[in-house]
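Undergrad: Encoded as structure tokens, here's the structure I'll be asking about.
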Amino acid sequence: MKSLEETLFRYQLEKKITQHEMAAMLNVSQATYNNWINQKSVIAPKYFPVIAKVCGIDVSLYAPEPNFSSTQTAHLPDDSIQAGTLKLYQKFTQNLEEQVLYLKDRANELQSKLHEKEVLLKTQQEEINLLRNQIL
């Protein structure tokens, strides 16, 4: 599977937009975006909802797994680890819920546009038929 950074870069190339434009769309600096796509820095999960919204991708595939090393767990009680993990999953779930809401809104918007196009097409078809009848 491609990394999120690679996916962003491919999206940018496919849409033929500059790094500056892409960074502006994601509401980050060009330097930050450049560091992401060159894998000099990791994309923080807080940016996942805007990436999902801008690029129309499922960022849940790229969510980091909670990773506690043995040295970290040696100093933390089990309850602390579980609370931290729970908090991380709650935030991730909230991000996913935001993505679902965005996608539902986008689907409704596209459905509305499709309906408008169908009405326009029907009207144009009726006009063509009227003109045909006048010609004949």
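Undergrad: Scan segment 1-28 for residues that are among the hydroxyl-bearing types (S, T, Y) and part of a loop (DSSP other than H, G, I, E, B) and jot them down.
TA: S3, T18 - these are the residues of segment 1-28 that are among the hydroxyl-bearing types (S, T, Y) and part of a loop (DSSP other than H, G, I, E, B).
Undergrad: A follow-up question, please. So, in segment 1-28, of the ones that are in contact with a Lys or Arg (Cβ under 9 Å, 6 or more places away or on another chain) and basic (K, R), which residue ends up least open to solvent (accessible area, probe 1.4 Å)?
TA: K2
Undergrad: Modelled with pLDDT under 85, farther than 16 Å from K53 by Cβ and within 25 Å of the chain's Cα centre (by Cα) - does that describe any residue in segment 72-80? Spell out the reasoning first.
TA: From segment 72-80, those modelled with pLDDT under 85 are 72-80; that's our starting set.
Keeping just the survivors that are farther than 16 Å from K53 by Cβ gives 72-80.
Remaining after also requiring within 25 Å of the chain's Cα centre (by Cα): none.
Looking through segment 72-80, none of the residues is modelled with pLDDT under 85, farther than 16 Å from K53 by Cβ and within 25 Å of the chain's Cα centre (by Cα).
Undergrad: Which residue is surrounded by the most Cβ atoms within 10 Å (Cβ to Cβ), if the candidates are limited to segment 34-53 and must be in contact with an Asp or Glu (Cβ under 7 Å, 6 or more places away or on another chain) and under 18 Å from T18 (Cα atoms)?
TA: Once the filter is applied, the top-ranked residue is W36.
Undergrad: While we're looking at this one, here's another question. Looking at (1) at pLDDT 90 or above; (2) open to solvent by 70 Å² or more (accessible area, probe 1.4 Å); (3) aromatic (F, W, Y), which is the only condition F68 fails?
TA: Going through (1) at pLDDT 90 or above; (2) open to solvent by 70 Å² or more (accessible area, probe 1.4 Å); (3) aromatic (F, W, Y) one by one, F68 breaks only (1).
Undergrad: Let me ask another. Consider A31 carefully, then state whether it is small (G, A, S), without any contact (Cβ under 8 Å) to a residue 24 or more places away in the chain, assigned to a helix (DSSP H, G or I) and surrounded by fewer than 18 Cβ atoms within 10 Å (Cβ to Cβ). Explain how you work it out, then say what you get.
TA: Values: small (G, A, S): yes; without any contact (Cβ under 8 Å) to a residue 24 or more places away in the chain: yes; assigned to a helix (DSSP H, G or I): yes; surrounded by fewer than 18 Cβ atoms within 10 Å (Cβ to Cβ): yes.
The answer is yes for A31.
The values are calculated or read from the model by the stated rules, or taken from the named source; none is laboratory data. Quick caveat: nothing in here was measured; it's all calculated off a predicted structure. Note that each Cβ is placed from the backbone with ideal geometry, even for glycine, and that neighbours are counted across all protein chains shown. Ligands, DNA and RNA are stripped out before the accessible areas are found, and what is left, the full protein with its side chains, is counted by its heavy atoms. Shrake-Rupley method; radii C 1.70, N 1.55, O 1.52, S 1.80 Å.
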